[in-house]
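The values are calculated or read from the model by the stated rules, or taken from the named source; none is laboratory data. Keep in mind that what you see is a predicted model, and the values were worked out from it rather than measured. Cβ placement follows ideal geometry from the backbone for every residue including glycine, while neighbour counts extend to all protein chains displayed. Please note that ligands, DNA and RNA were not included when accessible areas were found on the heavy atoms of the full protein model with its side chains. Shrake-Rupley method; radii C 1.70, N 1.55, O 1.52, S 1.80 Å.
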Amino acid sequence: MSVLIWNPEWETGIPLIDQQHRQLLGQFEMLLVAIREGNPGDQIPPLLAFLSDYVESHFSTEEKHMQATRYPGFIDHKVIHDDMRVQVAKLVDDYQKDPSIMTVEVFDFLTDWLVGHINEHDRSMARHIVWFEAREPRISS
Ligand SMILES: [Fe+2]
Ligand SMILES: [Fe+2]
């Protein structure tokens with residue numbers, strides 16, 4: 001991938017989640033620029049730290065929405081999030097040990113994962129949340 005342009009097809013229809021997805025992709029874009037600049041020693045650590053915090057905060061937001069709307073796919077979705085939490089933590093750890101591991105290929109893997117997850121799992125989740133909220137008072141926006 002390597003070029004991050006928001007695709008309207010990735011919209012879930014849930015404003016807070018869509019806003020977080022855009023911010024995540026924006027953060028990925030900044031990381032990609034830092035990697036491509038080839039001298040990212042000062043730039044990558046704070047970007048990675050922010051990214052891992054933001055991933056956690058975003059996954060927590062989705063998990064709260066899934067639980068509040070009794071989403072039947074919650075457990076499966078959370079397992080996928082938990083796997084990504086482990087992978088992001090490992091990436092941060094590996095980078096601290098050896099900055100050369102941060103390559104465009106690693107970055108592409110992460111980006112493809114994120115976009116694939118949004119497109120498949122997050123949109124399924126969002127269809128349920130929209131359906132649920134049409135029947136019950138809104139839990140949040
Ligand atoms: Fe998401
Ligand atoms: Fe998700």
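Each row is one residue, and each column tells you yes or no for (1) within 16 Å of ligand 1 (Cβ to nearest atom); (2) more than 30 Å from Glu133 (Cα to Cα); (3) touching a residue at least 24 places away in the same chain (Cβ under 8 Å); (4) surrounded by fewer than 16 Cβ atoms within 10 Å (Cβ to Cβ).
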residue	(1), (2), (3), (4)
Ala34	no, yes, no, no
Phe50	no, yes, no, yes
Ser60	yes, no, no, yes
Glu63	yes, no, no, no
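Please name all residue pairs, on different chains or six or more residues apart, with Cβ atoms under 6 Å, provided the first residue is in the stretch 93-116 and is of a type in the set (Val, Ile, Thr) and the second residue is open to solvent by 30 Å² or more (accessible area, probe 1.4 Å).
Pairs found: Ile101/Asp94; Thr111/Met1.
Residue-wise test of (1) within 24 Å of Gly26 (Cβ to Cβ); (2) among the aliphatic types (A, V, I, L, M).
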{"residue": "Pro46", "(1), (2)": "yes, no"}
{"residue": "Pro72", "(1), (2)": "no, no"}
{"residue": "Asp98", "(1), (2)": "no, no"}
{"residue": "Asp122", "(1), (2)": "yes, no"}
{"residue": "Met125", "(1), (2)": "yes, yes"}
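Residues in the stretch 59-79: is at least one among the β-branched types (Val, Ile, Thr) and in contact with a Leu (Cβ under 7 Å, 6 or more places away or on another chain)?
Scanning the stretch 59-79, I find at least one residue that is among the β-branched types (Val, Ile, Thr) and in contact with a Leu (Cβ under 7 Å, 6 or more places away or on another chain), so the answer is yes.
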